[in-house]
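First comes the structure, then the notes that go with it.
The values are calculated or read from the model by the stated rules, or taken from the named source; none is laboratory data. Note that the structure is predicted; figures quoted are calculated from it, not measured. Methodologically, a virtual Cβ is constructed for each residue, glycine included, from the backbone with ideal geometry; neighbour enumeration extends over all protein chains shown.
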Amino acid sequence: ETAIELKGISKTYKGEARAAVCDVSLKVKRGSIITLLGPSGCGKTTTLRLIAGFERPESGEINIGGKLMAGDNTWVSPEKRKIGMVFQDYALFPHLNVEENIGFGYRGKDKKQRVQEVLEMVNLQGFENKGVHHLSGGQQQRVALARALAKRPEVVLLDEPFSNLDTNLKQTMRNEVKRILKKANATGILVSHDQKDALAISDEIVVMKDGIIQQKGSPKKIYQFPRNAFVAGFVGESNMMEGVVEPGKRWIATDIGRIPCNQYHILTEGEEVLLSLRPSGFEIAEEGDIKGVVESLSYVGEYLEARVAVVNQKKKKISLLVYLHPNEILKQGDPLNLRVSPNFVSVVKS
Ligand code: ADP
Ligand code: MG
């Protein structure tokens with residue numbers, strides 16, 4: 001069941017030459033969480049504002065809960081759309097307590113009970129009478145989320161929800177926001193410029209650049225198989241490598257050796273391609289084809305980040321970024337053979 005659908009929506013701000021959002025189409029399943037991910041200025045907030053009804057698209061359609069909200073002859077005002085919004089700065093009312101903030105704008109007779117329900121969802125029972133300025137950043141965010149959920153919206157929109165939180169709290173709140181949205185059975189559309197947020201919280205990621213969707217897919221799909229050089233470079237890190245498709249289409253001949261590839265359905269024998277090799281796709285293997293020497297090492301805790309100079313080709317110097325198990329005992333100058341898994345090899349268009 002589709003909770004929200006955008007069909008070819010575009011928006012150009014007055015006096016701007018370029019569209020902030022350009023022909024964006026998107027379908028979000030009820031109960032799922034998607035993240036619009038991209039650098040600052042790529043049109044994420046504008047997309048949210050179009051969905052909420054704070055901006056009007058020049059073209060395209062917006063459907064929420066199967067009803068047309070914006071289209072050629074249709075316009076539904078923001079307060080009539082079933083949208084809950086969590087703003088980047090939370091936008092809580094400083095002179096109201098927690099209960100009043102959450103109940104603000106709630107019209108039902110069961111207000112008291114509903115406030116209790118959402119307080120429980122966000123684990124803030126007992127905070128009813130606290131002033132919001134006495135709360136921590138994480139608690140303020142819970143209040144903002146509770147307020148958005150109170151009205152039982154079709155979709156909850158969250159703009160950069162973690163950008164004001166420090167690293168440890170960020171990690172906790174990612175899990176919390178996900179847990180709360182899932183518990184409320186809500187559909188969530190998040191906006192973030194941080195790939196870690198997107199990978200950790202989303203059922204689906206939509207990568208945007210210059211107002212245009214670059215790729216949609218599950219976090220795993222986006223990470224393992226970026227479709228173009230922008231996605232490969234923006235979501236995680238990547239080694240880019242030119243190559244030629246071998247007969248049989250299961251291997252690509254490159255300057256560092258033969259690279260396995262399981263995207264044969266999109267390949268043509270003899271074709272020149274650009275590959276993205278994820279640093280986490282490599283492992284040390286005695287029989288590995290890629291022969292190299294450790295250039296530099298940096299221990300990051302979760303993994304060991306290595307630069308490996310490839311030695312089995314003489315044309316030009318190639319150095320690979322490789323994430324190894326943190327238990328590996330290596331030093332600069334050590335020789336090693338590497339193998340790469342086809343699950344981390346993607347054919348990209350630049
Ligand atoms: P993001 O949220 O991804 O950082 P925005 O949607 O805020 O991106 O902005 C997209 C583009 O539209 C940017 O080039 C930005 O400068 C421009 N823009 C955003 N809001 C306005 C506005 N009110 N008037 C004119 N241009 C705007
Ligand atoms: Mg923004």
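Please go through the range 39-89 and pick out each residue that is within 16 Å of ligand 2 (Cβ to nearest atom) and in contact with a Ser or Thr (Cβ under 7 Å, 6 or more places away or on another chain). Full working, then the answer.
Initial filter on the range 39-89 (within 16 Å of ligand 2 (Cβ to nearest atom)): 39-52, 54-55, 85-89.
Answer for the range 39-89, where residues must be within 16 Å of ligand 2 (Cβ to nearest atom) and in contact with a Ser or Thr (Cβ under 7 Å, 6 or more places away or on another chain): Glu55, Gln88.
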Q: Please verify whether the range 85-93 includes one or more residues that are part of a loop (DSSP other than H, G, I, E, B), assigned by TED's automatic domain parsing to the domain that holds Glu204 and in contact with a His (Cβ under 7 Å, 6 or more places away or on another chain).
A: no
Q: Go through the range 67-82 residue by residue and tally those that are under 18 Å from Pro153 (Cα atoms) and either among the hydroxyl-bearing types (Ser, Thr, Tyr) or touching an Asp or Glu at 6+ places or on another chain (Cβ under 7 Å) (or both).
A: 4
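Is it fair to say Leu274 is at pLDDT 95 or above, surrounded by fewer than 19 Cβ atoms within 10 Å (Cβ to Cβ) and within 17 Å of Pro226 (Cβ to Cβ)?
Criteria met by Leu274.
Every residue in the range 167-199 that is surrounded by fewer than 17 Cβ atoms within 10 Å (Cβ to Cβ) and closer than 19 Å to Gln88 by Cα, please. Break it down stepwise before answering.
Restricting attention to the range 167-199, the residues satisfying the condition of being surrounded by fewer than 17 Cβ atoms within 10 Å (Cβ to Cβ) are 167-169, 171-172, 175, 179, 182-183, 185, 194, 196.
Once the filter is applied, which keeps residues that are surrounded by fewer than 17 Cβ atoms within 10 Å (Cβ to Cβ) and closer than 19 Å to Gln88 by Cα, the range 167-199 yields Thr167, Asn168, Leu169, Gln171, Thr172, Asn175, Asp194, Lys196.
For the range 140-163, indicate whether the set of residues that are within 16 Å of ligand 2 (Cβ to nearest atom), surrounded by fewer than 16 Cβ atoms within 10 Å (Cβ to Cβ) and under 21 Å from the mean Cα position of the chain (by Cα) is non-empty.
At the first step, the residues of the range 140-163 found to be within 16 Å of ligand 2 (Cβ to nearest atom) are 157-163.
Among the residues that remain, those that are also surrounded by fewer than 16 Cβ atoms within 10 Å (Cβ to Cβ) are: 163.
Filter once more, keeping what is under 21 Å from the mean Cα position of the chain (by Cα): 163.
Yes - at least one qualifying residue is present in the range 140-163.
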Q | Qualifying positions in the range 297-350 - of a type in the set (Gly, Ala, Ser) and touching a Pro at 6+ places or on another chain (Cβ under 9 Å) | A | Gly301, Ala306, Ser341, Ser346
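I'd like to check something: does the range 190-197 contain any residue that is farther than 27 Å from Leu50 by Cα and part of a helix (DSSP H, G or I)? Give the steps one after another, and end with the answer.
Applying the first criterion (farther than 27 Å from Leu50 by Cα) to the range 190-197 yields none.
No: zero hits.
Has the range 101-116 got at least one residue that is of a type outside the set (Lys, Arg) and closer than 20 Å to Ile201 by Cα?
Taking the range 101-116 first, the residues of a type outside the set (Lys, Arg) are 101-106, 108, 110, 113, 115-116.
Cutting the leftovers down to closer than 20 Å to Ile201 by Cα gives us none.
No, the range 101-116 contains no residue that is of a type outside the set (Lys, Arg) and closer than 20 Å to Ile201 by Cα.
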Q) Restricting the search to the range 122-139, which residues are in a helix (DSSP H, G or I) and surrounded by fewer than 20 Cβ atoms within 10 Å (Cβ to Cβ)? A) His133, His134, Gly137, Gly138, Gln139
Q) Pick from the range 164-189 the residues that are part of a loop (DSSP other than H, G, I, E, B) and either within 21 Å of Ala52 (Cα to Cα) or in contact with an Asp or Glu (Cβ under 9 Å, 6 or more places away or on another chain) (or both): which of them is farthest from ligand 2 (Cβ to nearest atom)? A) Asn185
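Could you grab me the full set of residues in the range 217-241 that are part of a loop (DSSP other than H, G, I, E, B) and not hydrophobic (A, V, I, L, M, F, W, C)? Lay out the reasoning, then the answer.
First, the residues of the range 217-241 that are part of a loop (DSSP other than H, G, I, E, B): 218, 225-227, 235-238.
Selection gives Ser218, Pro226, Arg227, Gly236, Glu237, Ser238.
Scan the range 75-91 residue by residue and report those that are more than 26 Å from the chain's Cα centre (by Cα) and modelled with pLDDT under 95.
Restricting attention to the range 75-91, the residues satisfying the condition of being more than 26 Å from the chain's Cα centre (by Cα) are 75-77, 79-80.
Selection gives Glu79, Lys80.
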